[in-house]
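Chemist: Provided herewith is a single structure, encoded as structure tokens, for subsequent inquiry.
Derivation of every value follows stated rules applied to the coordinates shown; laboratory data play no part. Computed from a predicted model, the values in this text were never measured in an experiment. All Cβ positions, glycine included, derive from the backbone under ideal geometry; neighbour counts span all protein chains shown.
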């Protein structure tokens, strides 16, 4: 096997440094979303209004500028992995969430018109199951 530099490989192959992101599992995608939200824990995010009352087609197109879903969509890694927009329906598809799970994260009936980013991160992690206490401890340890 011949060792080649990155530049040498690029001259003979199409190399995409984002390629590992394309292989992310559901858990990895959700963890990444939570980590992005935790980067700015006190950031104020917009909630979506009344997602449980919308017809499914309208709910799928619902979005709010500056929502927790927008934080995910702004990430180049998640976009390279297949996140196509910051709509409710796309987040549901991409993160493989039920309506109930996504409602718990983004709906205004839980947080009001806005929510803290760290609160949303806890809700995102909650979709993975497990202990809420363990998720809280992990966040606490990450932020010292």
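Chemist: Rg (Å, one decimal) plus Dmax (Å, integer) for the alpha carbons of segment 24-142?
Modeler: In order Rg, Dmax, the Cα atoms of segment 24-142 give 13.1, 40 Å.
Chemist: Evaluate the relative contact order of segment 24-142 (contact order divided by residue number), counting alpha-carbon pairs under 8 angstrom at least 6 apart; express in whole percent.
Modeler: Taking the mean separation of contacting Cα pairs over the length of segment 24-142, I get 38 percent.
Chemist: Would you mind putting 49-60, 112-123 in packing order, based on average other-beta-carbon counts within 10 Å, highest first?
Modeler: 112-123, 49-60
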